[in-house]
Each structure stands twice: as structure tokens, then as C-alpha cells.
Amino acid sequence: MSADILPFNPVLYPAPASTKWPINGDLSSLLTRFDRPGPRYTSYPTIDQCVESVGAAAFTDALKARCVGGLKRPLSLYVHVPFCESVCYYCACNKVVTKKHDRSTQYLNRLEKEALMVARIAPTGLSPVTQFHMGGGTPTFLNDSELLGLVEGLKRVFPFSAKAEMSIEVDPRTVDENRLLHLRSLGFNRISFGVQDFDPAVQKAVHREQSVDSVSTLLNAARRWGFESINVDLIHGLPKQTLRSFSTTLDRVIELSPDRLALYGYAHLPSRFKPQRRIHDADLPDAATRVMLLRMAIERMQAAGYEYIGMDHFAKPQDPLAVAKRQGRLHRNFQGYTTQPDADLIGLGVSAISKVGNLLVQNVRELPEYEDRIGRGELAVFRGHEGTREDSLRHAAIMALLCQGEIHFSDFSQAFWIDFPQHFALELGLLRPFEDAGLLMLGPDGVRVTDLGWLFIRPMAMCFDAYAGRPQIERSKLL
Ligand code: SF4
């Protein structure tokens with residue numbers, strides 16, 4: 001049943017302590033208490049639960065078992081292009097920084113070989129690709145003819161549905177209007193522009209400079225060429241960002257009027273991500289400013305008519321994501337929020353992730369090793385995780401929270417034959433402090449997140465994560 005037609009039942013859900021936005025100080029104390037780094041749950045379990053004892057053999061078995069018995073699980077395809085011409089200092093992606101464009105020749109050869117290898121194992125003919133995504137790195141590091149060869153080659157190997165969603169991440173510095181037209185002619189119908197921030201001081205501090213005018217020209221061209229959905233990515237918490245500068249960036253983005261906006265929070269982890277060592281701690285906004293940046297962005301996007309989809313995503317009310325959310329059809333996969341139901345995912349390229357049935361696997365993360373293994377005719381998988389029934393159950397609970405902001409216990413009794421409150425007694429206990437703070441309503445038939453609670457949806461979801469990230473402080477209070 002959709003969130004639209006399920007009326008809010010005050011008997012099942014006692015009134016929350018507060019559904020109003022608290023003043024900044026209170027919000028800050030809520031963030032201090034509940035906010036913690038955690039997964040974005042584009043999968044559950046998350047990729048870091050993979051182990052090296054589950055590898056290429058398990059992937060081969062899972063591919064062979066696809067579509068057994070005539071079942072037609074839809075297929076999603078992801079291609080990772082790791083190359084970037086220059087490094088952005090906030091970057092946490094798997095990439096190779098190079099200006100040598102001939103580096104892509106061998107890589108494209110390996111991608112083709114990998115696609116053929118996977119396709120020979122899997123009976124893909126039974127289910128065409130319904131979702132195709134190119135990410136990186138910078139997919140538009142490839143020139144027009146390379147992109148053409150890649151997309152045409154993939155279409156020869158994997159049949160694409162006529163209605164397939166085809167999306168690509170675009171660094172505005174690497175394309176012009178003609179290149180966008182070329183992408184459109186290849187069948188791409190969704191495009192995502194990495195903007196991050198328009199303020200010159202911020203752009204300089206993160207080593208990514210691009211003007212409002214150039215991005216505006218590209219967005220207008222993308223509209224003219226008929227891309228069905230245009231997304232802009234922003235990041236809050238970047239060095240040199242102030243309330244005033246970010247307010248101006250938001251003004252510009254609202255004027256650009258993308259269909260969707262992703263607003264990510266910058267996580268400064270210089271010990272893990274080398275480029276971040278070029279960012280000076282002193283330039284980073286303090287915790288209070290970060291809270292205000294986020295709050296301002298949410299209020300401004302909503303005032304401009306965007307609907308809050310969840311986590312860090314906004315969409316115009318008529319965008320398919322917003323419609324799917326209202327109708328209770330929203331899903332979440334490796335591409336983030338999506339209208340597509342659960343599909344098998346085949347990831348091609350260095351560090352790419354695949355999920356086939358209950359098996360999650362990842363390719364090696366170093367480019368030379370990837371190219372060597374594929375060159376020798378071996379799959380490049382180096383680690384994996386075979387999901388259990390308990391994983392599926394927890395995945396369903398986490399997705400219900402992240403996509404709809406509610407869990408109906410009866411859905412789980414029907415689908416999994418469990419008594420939800422009994423099975424998840426500890427997890428519901430972990431959610432009590434969120435309820436006491438007015439972030440969540442717990443009732444005898446279900447759980448529902450309040451408006452304010454959406455800001456804390458990730459730590460709430462972490463309560464159902466059996467592997468990592470449980471809020472230990474809150475947990476210890478219960479035991
Ligand atoms: S943020 Fe994107 S463009 Fe910048 S270095 Fe990382 S992958 Fe490359």
C-alpha cells in the first residue's frame with residue numbers, strides 16, 4: 001500500500017514529542033547525540049562485508065543460476081571508467097589521474113573482454129538490461145568514438161530494453177554542447193552534473209574550478225537534447241564554505257532548475273583518501289556551520305518546490321523519483337534512489353561491484369591487476385559475500401526505512417513469516433532513544449519516521465545492520 005493512501009493513524013502511532021524543526025542549538029545537540037558516520041546503504045550488507053574466500057567461482061555459479069526456471073530478474077549494468085584529468089581534493093572515488101588519453105585504449109579492450117566473459121556465463125538473453133549507468137572517475141574522459149564503441153559493444157553483448165534508463169555522470173569541465181548531443185544519440189536519457197559548489201574560493205580549495213555560465217549552458221543544452229532527467233550534485237561541508245557562499249550557490253542551482261539534486265556531506269578522512277590531505281583542517285566549516293549549511297539547503301530546496309526524497313536527495317514533484325516516493329514504489333540500489341525494482345547488477349571495470357541473486361562481489365581495485373586478470377581471461381572478482389535469509393530480512397527493513405520512512409510489521413509477517421517485534425526486539429529497543437527525541441514513532445503495528453527524523457534516517461537504519469555501525473552507546477544503555 002502506498003504512503004499516499006495509507007492514512008496516518010494516531011492510535012497506532014502515538015504523537016511524537018515534536019515534529020517541528022528545532023532551533024539550531026537543539027538541532028546541533030540532536031546531531032551530536034545521534035548523527036554518526038555510516039553506510040549510505042546502496043546495498044545491504046555493505047561491500048566492506050565481502051571476504052576474499054568468496055570470489056570468481058561463486059560469481060560464476062551465481063551467473064549460471066540467473067533466470068533458472070524462466071524467472072526474469074531484470075538486469076542492471078554498471079561500467080566504471082577510472083580516469084580523471086585532474087584530481088579533486090575531496091575525492092574518495094577509485095580513480096587514476098592522468099592526462100594521457102591513450103590509457104583508455106587498453107582499458108576499453110579489457111571492458112569488452114570482461115563483458116563477453118560474463119555474458120558467456122550468464123543466460124542474459126532471458127532478461128534485457130533495464131538500467132545502465134556509467135560512473136567513475138570521469139566517464140567523459142573517453143572521446144566520442146570511444147563512447148560510441150563502448151555503448152554499441154555492450155548493446156551487442158547484452159540486449160537492452162527499449163525503455164532502459166541510461167545514465168551517465170558528467171564532469172562539466174570535460175564536455176560541451178556537442179558532446180552532450182552525442183551522449184543523447186547513444187541513448188543516454190539521464191545525466192548527472194558534478195557541481196559541488198559554485199563559490200570561487202571553495203572551488204579553488206578543492207581544485208575543481210568551473211563557472212556558473214558553463215554549467216548553465218550545459219544544463220540548457222541537456223534540456224534541448226531531450227534528456228529526461230537532469231541531476232546536479234552538491235557537497236556541503238567543503239573547505240572555505242560559509243553560509244553566505246553556500247546560499248549563493250543554492251540560488252544559482254535553483255535558477256538552473258535541475259530535475260533532481262543530490263546534496264552529499266563531505267567526510268574528511270585524509271588518512272584513508274590521499275587527495276584529502278591537500279585540504280587544510282582550518283578551512284573546514286565547524287560542526288555548527290555544517291548543521292546550518294544542511295538545514296539551510298533543505299529549507300531552500302523545499303521552498304523552491306523540491307520534494308525531499310530521503311538521505312541526501314531532492315526531486316521536483318513531477319520527477320519519477322518523487323512520484324515513486326508518494327506511491328510507495330521507491331527503491332534503492334547502487335545508483336542510489338531509483339524507481340526500478342530490485343534487479344541483478346553486473347558491474348564491469350576496475351573496482352566495479354556486482355550483485356547477482358544473493359551474491360555480492362567486487363572486482364580488484366588496482367588498474368594494472370584488473371587489466372592483467374581480464375587479459376589472462378580470468379574474471380577480476382577478488383572478494384564477495386553470500387547473502388543469507390537474515391540478510392534479506394534486514395535489507396528489507398533498512399530499505400523500508402530509507403525509501404518510505406516506515407516499516408509495517410504485517411508486511412514482514414507475510415513476506416518472511418516472522419513476528420517482527422519479537423525478531424527485532426533489540427533493534428526496536430535501539431530505536432527508542434530516537435522516539436524519545438521525536439524523530440520516530442513506534443507503534444504496535446509499525447515504525448514511522450517524523451519529518452525531523454529524516455535527517456537521522458541513516459543512524460536509524462544502522463540499528464538494523466547486524467554487521468557494523470550499531471549505535472553502541474545507545475545500545476549499552478539498553479543492556
Ligand atoms: S571527484 Fe570525480 S572528477 Fe574529481 S577526482 Fe574524483 S572521480 Fe575524478
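The values are calculated or read from the model by the stated rules, or taken from the named source; none is laboratory data. These numbers were taken from a predicted model, which means no experiment stands behind them. Positions of Cβ are generated from backbone atoms using ideal geometry, with glycine treated the same way; all protein chains shown enter the neighbour counts. Ligands, DNA and RNA are excluded from the accessible area calculation, which covers all protein heavy atoms including side chains. Shrake-Rupley method; radii C 1.70, N 1.55, O 1.52, S 1.80 Å.
Summing +1 for each Lys or Arg and -1 for each Asp or Glu among the other residues whose beta-carbon sits under 12 angstrom from that of L147 gives -1.
I need to check one value: relative contact order of the chain, counting alpha carbon pairs closer than 8 Å and at least 6 residues apart, in percent.
Numbers: 816 pairs, mean separation 105.8, N = 479.
Computed value for the chain: 22 percent relative contact order.
On the chain, 53 percent of the accessible area sits on carbon and sulfur atoms, based on a 1.4 Å probe. Other residues whose C-beta falls under 12 angstrom from the C-beta of F59 contribute a net charge of -1, scoring Lys and Arg +1 and Asp and Glu -1.
Rolling a 1.4 angstrom probe over the protein heavy atoms, how many square angstrom per residue are accessible across the chain?
The answer is 43 Å² per residue.
Per the Debye formula on identical point scatterers at the alpha carbon atoms of the range 66-218, with no solvent, log10 I(q)/I(0) at q = 0.10, 0.11, 0.21 Å⁻¹ is -0.40, -0.48, -1.39.
Could you order peptides 93-104, 394-405 by the average number of other Cβ atoms within 10 Å of their residues, highest first?
Values: 93-104: 14.7, 394-405: 21.5.
Peptide ranking by packing, descending: 394-405, 93-104.
Placing unit charges on the Cβ atoms only, positive for Lys and Arg and negative for Asp and Glu, gives the chain a dipole magnitude near 440 debye about its Cα centre.
Cross-link pairs exceeding 26 Å in C-alpha to C-alpha distance, out of K274/K325; K64/K325; K325/K355; K99/K240, comprise K274/K325; K64/K325; K99/K240.
From the convex hull of the Cα coordinates of the chain, what is the mean projected area in square nanometres? Before the final figure, lay out the partial values.
Values: hull surface 88.9 nm².
Mean projected area for the chain: 22.2 nm², to one decimal.
Comparing Cα centroids, the range 160-239 and the range 291-342 end up 18 angstrom apart.
Positive contributions from Lys and Arg (+1) and negative ones from Asp and Glu (-1), summed over other residues with Cβ under 15 Å from the Cβ of K99, come out at +1. List the residues of the range 357-387 whose backbone N lies under 15 Å from a point placed 7 Å from the Cα of K113 along the Cα-to-Cβ direction. Answer for the range 357-387: 364, 367-381.
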